[in-house]
Amino acid sequence: MIKALRGMKDIIDDSDKFTAFIDKATQIAKNFSFSYIETPLLEETRLFKRSVGESSDIVNKEMYQFIDKGGNDVCLRPEGTAGVVRAYIQKKYDSLQTPKQWYYYGPMFRYERPQKGRLREFHQFGVESFGEGSVYEDVKVILMASKILDSFGIAYTLKINSLGCDECRPRYTQNLVNFLENVKEELCEDCQRRITQNPIRTLDCKNEKCQNILKDAPRITYNLCDECNKDFELLKQELDKLGIKYEVDTSLVRGLDYYNKTAFEFVSDEIGAQSAICGGGRYDKLVEMLDGKSVPAVGFAMGIERLLPLINTQTKRDGVYIGIMTEDARDMAMKKFNQLVDTQKVYFENKVRKLNQHLKRADKMNYKKVLIAGEDEVAKGEFFSKEL
Ligand code: HAM
């Protein structure tokens, strides 16, 4: 038997929840005046190397990368932001400094070690906003993410941090490297490598020994320049005003290299170790890093598979079930089906069945209304009708 690849899942039993999530998230994003964008699943490998970063785990270990028949080095997208930035630049919106707000959803691919909540093919719903450098836009996208999660009654903790800017980050990184060099021998292999490649990523190392040592490491949050500090304070104030609860997490550094200033994650304590349900932040340098003109940007992405177990879809009855008790009633029933299907959900049962059997089926299938026709109904020209 041919099975789906390891870490890849069919969306079957949860497909109603999946589409309900996309529909609701789409509606909320549209209400925030964001438009839909769809970019290819396959992109040049260097797009991700130059954005997500050569030192990130994603690029280093997890890319579905291959040479295509034309000799191009390509890769299945591990995330959505890089492709959207590429599209923004390709359309020359950067030259014109055109603000754009987009939402998207679709599959992403990361060759990770599969476990509960961690897949090799998973789906994200994401948004990206270009052209607004103020912290108010960060607040707007965080508000949107919280509204999407709230609309499904999902409980979460919002964690926020600031990763600084070109002014304060290098100064801080040097302090951190000095600290790390002193404790180097005690750190795990990955962290030792990170000292030269990406020191800030040591802060969210999952290794217990490293975590203990890094408790005393300097934190960017307390080493921000005046402007970043002011912005971070404003972010907190604005979230307070909106009644959005948050925790400042000084270890929150994100697994992708393109972030600066605001970084955030929504986590759930109901889904096990892979608890991040939404991650995002500001990435003001990314358009430039991909050869565009400087344009500030901010966004987030949610992992849909991680959200599905948290969504309780009330199995509300809806739709109309049409059934026939005799072959002669087929024309009348089909005519009705043809009429109703333009405006509502209708199921036409092809098989001739007894009244009771139809009622049982309609009940099991969760329809709200049944219309059944047999000999008598054909004679009267009226359906037997019942609300369930
Ligand atoms: P990310 O934190 O790598 O950020 O992914 C966002 C979300 O995707 C995570 O919070 C998680 O819910 C889900 N996710 C990630 N990896 C997996 C996996 N292997 N299996 C299941 N779910 C997963 C980004 O991808 C950024 N592009 C977000 C962003 C948009 N930042 C700015 N704009």
For the stretch 212-235 and the stretch 340-370, distance of Cα centres in Å: 60
Report relative contact order for the chain in percent, whole number only (criteria: Cα-Cα under 8 Å, sequence separation at least 6). 17
Which residues does a label at Ile11 reach in the stretch 281-306, if reach means a backbone N under 13 Å from a point 7 Å past the Cα toward the Cβ? 302-306
Name every cysteine in the chain that ends up alone, with no second cysteine's Cβ under 4.7 Å, or say none. Cys75, Cys165, Cys188, Cys191, Cys228, Cys278
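Could you tell me whether the stretch 74-181 comes out rounded, prolate or oblate from its Cα gyration tensor? Rule is a ≥ b ≥ c as square roots of the eigenvalues, rounded for a/c under 1.5, then prolate if a/b exceeds b/c, otherwise oblate.
Details: a/c = 1.27, a/b = 1.08, b/c = 1.18.
Rounded, since a/c falls under 1.5.
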Calc'd 3J(HN,Hα), the stretch 283-293, phi into Karplus 6.51 cos²θ - 1.76 cosθ + 1.60 (θ = phi - 60°), Hz, glycine/Pro = x, comes to 9, 5, 9, 5, 4, 5, 4, 9, 6, x, 7
Overall dimensions of the stretch 320-387 by Cα: Rg and Dmax, Å: 10.7, 29
Farthest toward the dipole's positive end in the chain, which of Pro309, Met108, Phe179, given Cβ charges of +1 (Lys, Arg) and -1 (Asp, Glu) about the Cα centre? Pro309
Given the options Ile89, Ile322, Ile148, which has the most mean-square fluctuation in a GNM of the chain, springs set between C-alpha atoms less than 10 angstrom apart? Ile322
For the chain, whose charge dipole is built from +1 on Lys and Arg Cβ atoms and -1 on Asp and Glu Cβ atoms, the candidate among Gly153, Leu340, Leu96 with its Cα farthest towards the positive end is Leu340
Give the distance, in whole Å, between the Cα centre of the stretch 249-327 and the Cα centre of the stretch 10-36. 11
What is the distance in Å between the Cα centroid of the stretch 63-93 and that of the stretch 152-176? 27
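Multiplying the sequence separation of Glu181 and Phe32 by 0.36 nm and subtracting their Cα-Cα distance, what value in nm do you get?
49.0 nm
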Spacing of the two label points (7 Å from each Cα toward its C-beta) at Asp204 and Asp363, in nm: 5.1
Calculated FRET value between Asp342 and Glu288, using beta carbons and R₀ = 45 Å, to 0.05: 0.35
To make sure I understand the rule: partners must be aspartates and glutamates, Cα under 18 Å from the Cα of Lys336, and not fewer than 8 residues away in the same chain. Which ones qualify? Asp318, Glu327, Asp328, Glu349, Glu375, Asp376, Glu377, Glu382, Glu387
Quarter of the Cα convex hull surface for the chain, i.e. its orientation-mean projected area (nm²): 25.2
Extend 7 Å from the Cα of Ala20 along its Cα-to-C-beta direction; within the stretch 140-163, residues with backbone N under 13 Å of that point are 151-154
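About the Cα centre of the stretch 1-159, what is the dipole size in debye to 20, counting +1 per Lys and Arg Cβ and -1 per Asp and Glu Cβ, all else neutral?
With Lys and Arg at +1 and Asp and Glu at -1, about 240 debye.
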Run the simple label-point estimate for Arg171 and Leu388 please: 7 Å along Cα→C-beta, distance reported in nm. 6.8
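What value, in deg cm²/dmol to 500, does the helix sum -39500 (n - 2.57) over DSSP H runs of n ≥ 4 give at 222 nm once divided by the residues of the chain? Please list the in-between numbers first.
On the way: 14 runs with 140 residues, N = 388.
Here the helix-only value at 222 nm equals -10500 deg cm²/dmol.
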Here the gain from full extension of Lys147 to Arg113, 0.36 nm per residue of separation minus their alpha-carbon distance, amounts to 9.1 nm
Nearest-0.05 FRET efficiency for Glu121 and Glu54 at R0 = 22 Å, using Cβ-Cβ distance, is 0.40
Charge dipole (debye, nearest 20) of the stretch 101-252; +1 at Cβ of Lys and Arg, -1 at Cβ of Asp and Glu: 600
Sort Ile324, Ile213 by heavy-atom solvent-accessible area, probe 1.4 angstrom, most to least. Ile213, Ile324
Enumerate the calculated ³J(HN,Hα) couplings along the stretch 46-60 in order (Karplus 6.51 cos²θ - 1.76 cosθ + 1.60, θ = phi - 60°), each rounded to whole Hz, writing x wherever the residue is Gly or Pro. 5, 4, 6, 4, 7, 10, 4, x, 5, 8, 6, 4, 4, 6, 5
Keeping all protein chains in place, calculate the accessible area per residue for the stretch 320-387 (probe 1.4 angstrom), answer in Å². 65
Candidate span helices, the chain: DSSP H, at least 18 Å along axis from Cα coords, Kyte-Doolittle average at least -1.0, result 15-31, 135-151, 168-183
Note down the magnitude of the dipole of the stretch 320-387 about its Cα centre, charges +1 on Lys and Arg C-beta and -1 on Asp and Glu C-beta and zero elsewhere, to the nearest 20 debye. 380
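The values are calculated or read from the model by the stated rules, or taken from the named source; none is laboratory data. Here the structure is a predicted model, which means the values were calculated and not measured. As a convention, Cβ positions derive from the backbone with ideal geometry for all residues, glycine included, and neighbour counts pool all protein chains shown. These accessible areas exclude ligands, DNA and RNA; they are computed on the full protein's heavy atoms, side chains included. Shrake-Rupley method; radii C 1.70, N 1.55, O 1.52, S 1.80 Å.
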